[in-house]
Amino acid sequence: MKNNKIIIVGAGFVGTTLAWCLSNHYKGEIILIDKGQAGNGVTKQAFAWLNVSYGRSDAYSKLRQQALNEWHYLDKQTNGKLKINWSGAISWQETESATREFINVHRESGFNIKALTKAELQALEPQLTILPELAAFATEEGAVDPLHATQVLLQEALNNGVTYLPETEVTNINHNGKQILGVTTSQGIICADQVVLTAGVGAISLMEKLGEQLPLSASPSVIVQYQHQAVTPFVHHIISTPDMEVRPISGTTLLAAEDYLSDRPEHSATYIAKNALPVIKRAFIGSDSLCLENASVGLRPMPEDEMPIVGKVADYRGLYMISMHVAITLAPLICRLAQEEIINDIEQTALNPYRLTRFASGSCH
Ligand SMILES: Cc1cc2nc3c(=O)[nH]c(=O)nc-3n(C[C@H](O)[C@H](O)[C@H](O)COP(=O)(O)OP(=O)(O)OC[C@H]3O[C@@H](n4cnc5c(N)ncnc54)[C@H](O)[C@@H]3O)c2cc1C
């Protein structure tokens with residue numbers, strides 16, 4: 001290495017987690033840059049359910065299970081400061097047989113999941129009005145306030161000596177041929193041996209300037225906050241059903257994730273949130289005071305095949321990227337593995353299925 005400097009472009013949950021991971025091991029300088037403030041990209045709009053996957057390849061399912069274990073480990077490492085809610089997730093599918101299949105598939109893959117009878121579900125969620133015969137209870141899953149988690153890891157990274165440059169837009173990645181030299185920012189040029197792109201959807205335009213087309217797009221999804229004045233909270237766990245995905249974030253606030261419909265005005269986030277409100281109200285006794293607080297569309301970085309992209313970029317020396325759409329769940333694991341590759345150049349075989357090279361027809365391989 002020439003100047004022992006690593007620049008991380010983007011202080012979302014991914015970039016901040018990586019800065020924290022690197023700062024625990026790297027002896028050189030780490031500079032974390034964001035065009036706004038840490039966590040204020042799509043991170044702050046995440047539903048932030050820390051969960052395993054369903055209906056994906058075995059390798060990816062295992063990765064998600066490992067990612068969940070990593071979160072339990074991270075929780076210990078940070079002494080509970082991340083305030084993770086480990087109350088678990090209750091879900092059911094369209095039919096009882098589909099729920100049974102869901103439970104079986106998880107159990108076969110070694111994931112701890114309980115089958116709940118109607119009575120058991122009622123005991124866990126007494127205010128639920130419509131109960132299926134069978135539900136799944138993933139007791140090891142949890143949720144986190146993604147902005148709080150980002151800020152905690154940022155503070156730890158700063159304590160470890162990371163330089164944080166907010167309100168600083170990276171306008172170009174500088175290179176001499178295939179050798180990365182650093183970045184040009186709205187505040188000037190910064191030289192470095194390595195540049196790591198964790199810019200979420202912002203990575204698309206930065207790579208375009210390098211003449212590279214990333215197999216990544218901005219995928220919209222709707223996040224909604226509802227308020228209520230119920231004295232007794234009426235939702236106790238993360239609940240995911242064919243009709244809704246909700247979780248409590250405080251005694252009086254409920255978070256919901258909804259599908260994005262289109263960019264037509266009648267499909268705005270507010271419209272979607274208002275439509276979802278009676279569905280949620282019907283599902284819980286005591287939810288009469290529930291009302292819309294705010295709703296917005298978040299743009300998730302979505303790789304073409306929906307799998308993470310991690311590793312060196314094209315044949316540039318010193319350019320690495322991390323991008324994924326389930327990044328709150330995956331970042332602690334992926335960043336720990338990536339840290340070994342970035343600092344020590346030790347290839348992590350667990351990351352091999354997620355290289356940019358898998359997109360054979362794209363220009364970025
Ligand atoms: C409704 C919804 C629900 C979700 N639910 C979940 C969930 O349950 N579980 C889960 O794991 N994930 C979930 N996600 C996805 C999750 O939000 C994202 O995967 C994650 O936040 C991506 O983090 P990131 O750091 O890559 O991106 P971002 O948070 O967008 O961070 C990128 C950062 O880069 C900065 N940046 C961009 N361009 C530049 C530039 N040129 N110069 C400097 N800085 C730049 C931005 O300002 C931003 O801060 C959800 C998302 C939405 C919208």
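Derivation of every value follows stated rules applied to the coordinates shown; laboratory data play no part. As the structure is a computational prediction, the values presented were derived from the model and not from experiment. Backbone-built Cβ (ideal geometry, glycine too); neighbour counts: all protein chains shown.
Assorted remarks:
- Proximal lysines relative to residue 178, as straight alpha-carbon distance under 27 Å, when same-chain residues fewer than 8 apart are discounted: 2, 5, 27, 35, 209, 312
- Each residue of the stretch 303-316 was assigned a 3J(HN,Hα) from its phi angle through the Karplus expression (A = 6.51, B = -1.76, C = 1.60, θ = phi - 60°), giving x, 3, 9, 6, 9, x, 10, 9, x, 5, 9, 6, 10, 6 Hz with x at Gly and Pro.
- Among residues other than residue 25 with Cβ under 14 Å from its Cβ, the summed charge is -3 (Lys and Arg +1, Asp and Glu -1).
- Rounded to the nearest 10 degrees, the angle from helix 96-108 to the longest Cα principal axis of the chain is 40 degrees.
- Count Lys and Arg as plus one, Asp and Glu as minus one, and take only other residues whose Cβ is under 12 Å from that of residue 67; the net charge is then 0.
- Shown here for the stretch 269-365: GluC sites (Glu not before Pro) in loop regions (DSSP other than H, G, I, E, B) with at most 16 other Cβ atoms within 10 Å, namely 304, 306, 347.
- Amide hydrogen neighbours beyond the local backbone of residue 174, cut-off 5 Å, H modeled: 181, 182, 183, 184
- Residue exposure sequence - 31, 309 - by fewest surrounding Cβ within 10 Å: 31, 309
- The protection proxy used here, the mean number of other Cβ atoms lying within 10 Å of each residue, ranks peptides 186-197, 324-335, 149-160 as follows, highest first: 324-335, 149-160, 186-197.
- Taking a quarter of the surface of the Cα convex hull of the stretch 61-132 gives a mean projected area of 6.0 nm².
- Within the chain, percent of DSSP bridges classed antiparallel, to nearest 5: 70 percent
- Each Lys and Arg adds +1 at its Cβ and each Asp and Glu adds -1 at its Cβ; summed about the Cα centre, the stretch 48-115 shows a dipole of about 300 debye.
- Along the stretch 216-229 the Karplus relation, 6.51 cos²θ - 1.76 cosθ + 1.60 evaluated at θ = phi - 60°, assigns HN-Hα couplings of 9, 9, 8, 9, x, 8, 9, 10, 10, 10, 10, 10, 8, 10 Hz to successive residues, with x for each Gly and Pro.
- Arranged from fewest to most other beta-carbon atoms within 10 Å of their beta carbon, 321, 307 become 307, 321.
- With respect to the chain, whose longest principal axis is taken over its alpha-carbon atoms, helix 269-283 is tilted by about 40°.
- Amide H to amide H distances under 5 Å link residue 50 with 142, 143, 144, where only residues 5 or more positions off or on other chains count and H is placed in the peptide plane.
- Crossing angle, helix 146-159 versus the chain [Cα axis fit, 0-90 degrees, rounded to tens]: 40 degrees
- Computed over the stretch 211-365: relative contact order in percent, which uses C-alpha pairs under 8 Å that are six or more apart: 26 percent
- With at most 10 neighbouring Cβ atoms within 10 Å, loop trypsin sites (Lys or Arg not before Pro) (DSSP) excluded, longest segment of the chain: 28-365
- Net charge over other residues, Cβ less than 15 angstrom from the Cβ of residue 249 (K, R count +1; D, E count -1): 0
- Cut-off under 5 Å, modelled amide H: who pairs with residue 30 long-range: 6, 163
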